[in-house]
Each structure stands twice: as structure tokens, then as C-alpha cells.
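Undergrad: Next up is a structure, given as C-alpha cells.
Each value in this text was obtained by applying a stated rule to the coordinates, not by laboratory testing. Computed from a prediction, not measured in an experiment: that's the story for all the values here. Cβ: placed from backbone, ideal geometry, glycine included. Neighbour counts: every protein chain shown.
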Amino acid sequence: MRAQVQKVNLEKISFETGDQSIQLQASIQEGNLSFQTDIFIDYSELNNILNYIQKELSDEFEVSSLFESEKMYDGNLLYQLDLTKNTNKSIEIQDVIHHKEFKRIRA
């Protein structure tokens with residue numbers, strides 16, 4: 001089923017050094033329905049999203065200071081940004097990831 005996405009509200013960003021993909025946790029709203037989803041992007045898309053977030057936060061926060069890091073068992077670092085915890089803003093990123101095609105699979 002092809003979704004007609006109206007809003008994509010970013011909630012969390014997670015990535016590990018040494019890994020090539022970044023996981024976004026977001027809430028997608030289409031019509032009257034809203035659901036949680038994971039979106040996987042690459043580092044160039046992450047840069048676009050971080051620039052967009054910084055613009056949305058303006059001078060309130062420095063987006064890089066909102067990331068928390070944790071050392072993993074293999075020596076890599078896990079970086080996480082929880083926008084729901086660290087900011088009072090809802091960041092809509094549908095304009096930044098407009099080229100992504102969303103499909104919802106349900107039973």
C-alpha cells in the first residue's frame with residue numbers, strides 16, 4: 001500500500017561509528033492515522049537533516065551538543081539524539097526526505 005504521507009515528525013536519531021546507515025525514529029501522519037516507523041538513511045542525508053534541525057532550533061540549541069554517546073562492546077561509539085527529550089519542538093522532516101517512498105505493510 002502506498003502511503004500519502006502528510007507529516008513526518010522526527011523523534012530520535014541513532015547511529016554507530018563503523019556503520020553506514022543511520023536510523024531515524026519518526027511518527028508519520030497520514031490523514032487521521034498516525035504510526036511510529038523507522039527510517040534508514042545514509043550520512044549525506046543525515047547532514048541535510050542536521051542542518052535542517054539546526055535551522056529549526058535556531059539559537060535555542062546547538063544540535064551537535066544534543067547527541068549522547070556510549071561506548072559499545074566492540075569499541076565503536078553509539079550516538080543518539082532524542083528530540084522528544086531534549087527539545088520542546090516537533091521537527092517535521094518531510095520536506096528534507098521528500099524523495100523517500102514510504103510503504104506501510106499491515107496484516
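Undergrad: Let me see the P(r) profile for the chain: every Cα-Cα distance counted, bins of 5 Å, each bin given as a percent of all pairs.
TA: For the chain, the pair-distance distribution reads 2, 11, 22, 24, 18, 13, 7, 2, 0.
Undergrad: Could you work out [θ]222 nm for the chain from helices alone, using -39500 (n - 2.57) per DSSP H run of at least four and dividing by all its residues? Round to the nearest 500 deg cm²/dmol.
TA: It lands at -5000 deg cm²/dmol.
Undergrad: What's the longest piece of the chain with no exposed trypsin sites (Lys or Arg not before Pro), counting a site as exposed if DSSP puts it in a loop and it has at most 16 other beta carbons within 10 Å?
TA: Maximal segment without exposed cleavage sites: 1-88.
Undergrad: Which chymotrypsin sites (Phe, Trp or Tyr not before Pro) in the stretch 11-69 sit in a loop by DSSP (not H, G, I, E or B) and have at most 13 other Cβ atoms within 10 Å of their own Cβ?
TA: none
Undergrad: So, one more: Roughly how tilted is helix 43-57, in degrees to the nearest 10 and between 0 and 90, from the longest Cα axis of the chain?
TA: The two axes meet at around 90 degrees.
Undergrad: Could you derive backbone 3J(HN,Hα) for the stretch 70-76 from the dihedral phi with the Karplus parameters 6.51, -1.76 and 1.60 (θ = phi - 60°), listing whole Hz in sequence and x where the residue is Gly or Pro?
TA: After applying 6.51 cos²θ - 1.76 cosθ + 1.60, I find 9, 7, 8, 4, 8, x, 6 Hz.
Undergrad: Can you give the FRET efficiency for Leu33 and Leu78, using 1/(1 + (r/R0)^6), R0 = 25 Å, r = Cβ-Cβ distance, to the nearest 0.05?
TA: 0.20
Undergrad: Return a whole-number percent for the relative contact order of the chain, with Cα pairs under 8 Å and 6 or more residues apart as the contact set.
TA: 34
Undergrad: Loop only by DSSP, 13 or fewer other Cβ within 10 Å of the Cβ. Give me the GluC sites (Glu not before Pro) in the stretch 12-63 that pass, ordered by residue number.
TA: Filter output for the stretch 12-63: Glu60, Glu62.
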